[in-house]
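**Q** Pasting a structure here, questions to come.
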Amino acid sequence: MSDLTNLGVKAIRDGVAAGDFTAREVAEAFNANVAAAADLNAFIVTTPEHALAAADAVDAKRAAGEELGTMAGVPIGMKDLFATRGVQTTAASAILEGFKPEYESTVSQKLWDAGAGMLGKLNLDQFAMGSSNETSHFGNVANPWKANDGGNAVLAPGGSSGGSSAAVAARLAPAATGTDTGGSIRQPAAFTGISGIKPTYGRCSRWGIVAFASSLDQAGPMARSVEDCAVMLGAMAGFDPKDSTSLDAPVPDWAGALNADLRGKKVGIPKEYRMDGTDAEILASWDDGIAWLKDAGAEVVDVSLPHTKYALPAYYIVAPAEASSNLARYDGVRYGLRDLPEGAGLQDMYAATRAAGFGPEVKRRIMLGTYVLSAGFYDAYYTQAMKVRTLIQRDFNEAFDKCDVILAPTTPTAAFPLGDKLDDPLAMYLNDVFSVPASLAGLPAMSVPSRLNAKGLPLGLQLVGKAMDEQMVLNAGLAIEQRSGFDAQPEKWW
Amino acid sequence: MSVTREQVAKIASLARIKVDEGDLDHFVPEFNAILGFVEQLGEVDTSSVEPMTAVIPQHLRLRDDVVDADPLTGGGKQAEVLANAPVAEHGFFGVPKVIE
């Protein structure tokens, strides 16, 4: 039974439904892998009892002949940004350490309703701010992959969903939730050789997800196949009146409609993504992707996204601005940490609490956001960034007059060693150069693995679709998956 | 545009984050590097462009004007609201004295 942890979402669900194994056996197998992988530090808390209880409920339902949900019997990892009732929810920040929500996020509730169970809460960059999972209060997450160059450097699993990517790549979970603000699903997926999709902004409810930048934040699944992502996204998405930006639109049967035949479809290749100094292996992987999509019947066309170079600077105004507003709520009064120096008043308590509770990257972004929103600077920074955001969206709209989906690399490099970019925030931010534009435009975007580079590390390809057209993104992702033959796994060292 | 040590200290105060001299030593150059990077947005001609207000076009919904229409977000949850408070007394959040 040890190979149960090699199964993906759909294989587990179908196997449980067919009686090939029980949901409890699956949960036990994954709980064991989680317990044996402390070296990866992928989880902040583990909840084996939650996984077992959900599994037992599924097994009982099956025995009673009741209908099973689309995630029945699948134990998953939950990024610790989703509020889970009675289970510590921290956003990987000291300021929320010990916080146990009295309610459940919409997305996690939908997953439990579909029959999934929770293996634990996954580590992440603090408040999802980071690209290497090094800003967590609960320590770095280790990428299960290591380079084959003889060195033994521990690599970053990407971020912010670094616990999610590491757990799925290491077979600690068949799938995990992620959230994506500027690339936090796609970049870690690329760094660990797995798949992940950020749907159209508004597809998944943000209710109960710790807020970072509300106009960008979007939840999505991370798993080891495109089909598993489609199944899980179907369980996560849907209209929620509790989120004012939730899309009031039916959820298509993405998994049922998967189709890798791309005849009659056009794939756009954005020339601005071919930047000077881009790693030759990243470009070769992109060329592979182009060939695979042609082989699937698609026509490849050149498109232009002229404002691409301005996406990252616009993002680093918009996201910190929203974060500075959203994180004003951590004041030491209603929940979380309180630091009350002897004799301090209310204002001193706020400042001391926030100084003690937030990590350096979070402080940097809150302060940057405070600055760009402050009187006298608002128009020069924030309004200008929101105008540029309009132009970036317009670029995509014009490109989609000529094509159905856009293919690009997910990241400019493969996974880098922990500590490599920690002293230079700008170098870290540049990691998201390919992923941020789709976030600013609210578009569905996915990363799928393409190949290993010369160092034996996975690379990812990114697909960006029209708003609401997750199906095209998934279909093109499937076409790549079927042709890449990517089945490499990290060698177990943890 | 670059910011001075005094400006960064002022921003920290506006953001209600206590910083010491050591924090400022690294925040000031980091800030200026990031601001130098975002400065390039000034190159873009946006004179005829509206700032984005909603990334996906939506109409704002009104909920039914009914008390506790959704029990999850309705009232009557004092104990739950206070459950995670660092200090809760007599059914309220406790804070240091604000009026002398």
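**Q** Using each residue's phi in segment A:251-265, evaluate 6.51 cos²θ - 1.76 cosθ + 1.60 at θ = phi - 60° and report the 3J(HN,Hα) Karplus result to the nearest Hz, with x for Gly and Pro.
**A** Per-residue couplings from phi come out as 8, x, 7, 4, 5, x, 9, 4, 7, 8, 7, 9, 4, x, 9 Hz.
**Q** So, one more: Sort A:V154, A:V318 so that the residue with the fewest other Cβ atoms within 10 Å of its own Cβ comes first and the one with the most comes last.
**A** Values: A:V154 20, A:V318 27.
The order, fewest Cβ neighbours first, is A:V154, A:V318.
**Q** Next question. Return the long-range amide H neighbours of A:I44 (sequence gap of 5 or more, or a different chain), with a cut-off of under 5 Å between placed amide H atoms.
**A** So A:I44 has HN proximity to A:K121, A:L122, A:N123.
**Q** Would you mind checking which residues have amide H under 5 Å from A:G268's amide H? H placed 1.01 Å from N; only 5 or more apart, or other chain.
**A** Amide H neighbours of A:G268, under 5 Å, 5+ apart: A:V301, A:D404, A:V405, A:I406, A:L407.
**Q** Can you bin segment A:2-261 into rounded, prolate or oblate? Criterion: square roots of the alpha carbon gyration tensor eigenvalues sorted a ≥ b ≥ c, rounded for a/c under 1.5, prolate for a/b above b/c, oblate for the rest.
**A** On the way: a/c = 1.36, a/b = 1.13, b/c = 1.20.
Cα axes put segment A:2-261 in the rounded bin.
**Q** Only loop residues by DSSP count here, and only those with at most 16 other Cβ atoms within 10 Å; note down the trypsin sites (Lys or Arg not before Pro) in segment A:22-107 that meet that.
**A** Of the trypsin sites (Lys or Arg not before Pro), the ones in loops of segment A:22-107 whose Cβ has at most 16 other Cβ atoms within 10 Å are A:R85.
**Q** Right, something else. Local charge sum around A:R24 (other residues, Cβ-Cβ under 15 Å, Lys/Arg +1, Asp/Glu -1)?
**A** On the way: positive: A:R13, A:K61, A:R62; negative: A:D20, A:E25, A:E28, A:E49, A:D56, A:D59.
Residues near A:R24 contribute -3 overall.
**Q** For n ≥ 4 DSSP H runs only, could you compute -39500 (n - 2.57) per run for chain A, divide by its residues and tell me the 222 nm figure to the nearest 500?
**A** Rounded to the nearest 500, it is -10500 deg cm²/dmol.
**Q** Output wanted: per-residue J couplings in Hz (rounded whole) for segment A:205-212, from phi through Karplus 6.51 cos²θ - 1.76 cosθ + 1.60, θ = phi - 60°, x for Gly and Pro.
**A** Values per residue, Gly and Pro as x: 5, 8, 5, x, 9, 4, 7, 10 Hz.
**Q** Let me know the whole percent of all Cα-Cα pairs from segment A:1-91 that are separated by more than 16 Å.
**A** Values: 2246 of 4095 pairs.
So the pairs more than 16 Å apart make up 55 percent of the total in segment A:1-91.
**Q** Something else now. Using the basic label-point model (7 angstrom from Cα toward the beta carbon), what is the A:F21 to A:S214 distance in nanometres?
**A** 4.3 nm
**Q** Classify chain A as rounded, prolate or oblate, taking a ≥ b ≥ c as the square roots of the eigenvalues of its Cα gyration tensor: rounded when a/c is under 1.5, otherwise prolate if a/b is larger than b/c and oblate if not.
**A** It is rounded, given that a/c, with a ≥ b ≥ c, falls under 1.5.
**Q** Around A:R206, under 11 Å between beta carbons, what's the net of Lys plus Arg minus Asp minus Glu among the other residues?
**A** Local net charge: -1.
**Q** A further question on this structure: Please give the FRET efficiency for A:R85 paired with A:W493, using the beta carbon to beta carbon distance and R0 = 30 Å, rounded to the nearest 0.05.
**A** The pair A:R85/A:W493 has a calculated efficiency of 0.25.
**Q** Can you list the residues of segment B:18-58 with backbone N under 20 Å from a point 7 Å past the Cα of A:A328, pointing along Cα to Cβ?
**A** Answer for segment B:18-58: B:18-19, B:53-54.
**Q** Explain nothing, just compute: Karplus ³J(HN,Hα) = 6.51 cos²θ - 1.76 cosθ + 1.60, θ = phi - 60°, for every residue of segment A:30-36 in order, whole Hz, x for Gly and Pro.
**A** Result, ordered by residue: 6, 4, 5, 5, 4, 5, 8 Hz.
**Q** While we're here: Just check segment A:86-186 against the gyration tensor rule for me: Cα atoms, a ≥ b ≥ c as the square roots of the eigenvalues, rounded for a/c under 1.5, and otherwise prolate or oblate depending on whether a/b exceeds b/c.
**A** It comes out prolate by the Cα gyration axes.
**Q** Counting only GluC sites (Glu not before Pro) that sit in a DSSP loop (anything but H, G, I, E, B) with at most 11 other Cβ atoms within 10 Å, what is the longest stretch of chain A containing none of them?
**A** A:68-341
**Q** Calculate I(q)/I(0) for chain B by the Debye formula, one identical point scatterer on each C-alpha and no solvent, and give its log10 at q = 0.16 Å⁻¹ to two decimals.
**A** -0.94
**Q** If you don't mind, another one. Taking 7 Å along the Cα-to-C-beta vector as the label spot, tell me the A:D287-B:E43 distance in nanometres, rounded to one decimal.
**A** Label-label distance for A:D287 and B:E43, simple model: 2.8 nm.
**Q** Between their Cα atoms, which of A:K10/A:K61; A:K146/A:K294; A:K198/A:K421; B:K18/B:K97 are more than 29 Å away from each other?
**A** Listed pairs above 29 Å: A:K146/A:K294.
**Q** Which far-off residues, 5 or more places away or on another chain, put their amide H under 5 Å from the one on A:F99, with H placed in the peptide plane?
**A** A:T89
**Q** Report the relative contact order of segment A:264-329, percent, no decimals, based on alpha-carbon pairs under 8 angstrom and at least 6 residues apart.
**A** RCO, segment A:264-329: 46 percent.
**Q** Using 0.36 nm per residue of separation minus the Cα-Cα distance, give me the extension gain between B:L14 and B:N32 in nm, one decimal.
**A** 4.7 nm
**Q** Could you work out how much longer the chain between B:D25 and B:Q7 gets when fully extended? Use 0.36 nm per residue separation minus the Cα distance between them, nm to one decimal.
**A** 5.2 nm
**Q** How far apart, in nm, are the 7 Å Cα→Cβ label points at A:N397 and A:D276?
**A** 3.2 nm
**Q** Going through segment B:1-64, which trypsin sites (Lys or Arg not before Pro) have at most 13 other Cβ atoms within 10 Å and a DSSP loop state?
**A** B:R61, B:R63
**Q** Compute the signed sum of charges (Lys and Arg +1, Asp and Glu -1) over the other residues within less than 12 Å, Cβ to Cβ, of A:S184. Write out the running numbers ahead of the final one.
**A** Details: positive: A:K79, A:R186, A:K198; negative: A:D125, A:D180, A:D217, A:D432.
Every neighbour counted, the sum reads -1.
**Q** Nearest-5 percent of antiparallel DSSP beta bridges in the protein assembly as shown? Walk me through the intermediate numbers first.
**A** Numbers: 31 of 44 bridges.
Beta bridges within the protein assembly as shown, antiparallel portion: roughly 70 percent.
**Q** Calculate, for A:E342 and B:E80, the FRET efficiency according to 1/(1 + (r/R0)^6) with r their C-beta to C-beta distance and R0 22 Å; round to the nearest 0.05. Each step should come with its number before you reach the end.
**A** Details: r = 32 Å, r/R0 = 1.43.
Working from the Cβ atoms, E equals 0.10.
Every read-out reported here was derived from the displayed coordinates using simple, explicitly stated rules and does not represent laboratory data. This is a predicted model, so every value here is computed, not measured. Every residue, glycine among them, receives a Cβ derived from its backbone with ideal geometry; neighbour counts consider all protein chains shown.
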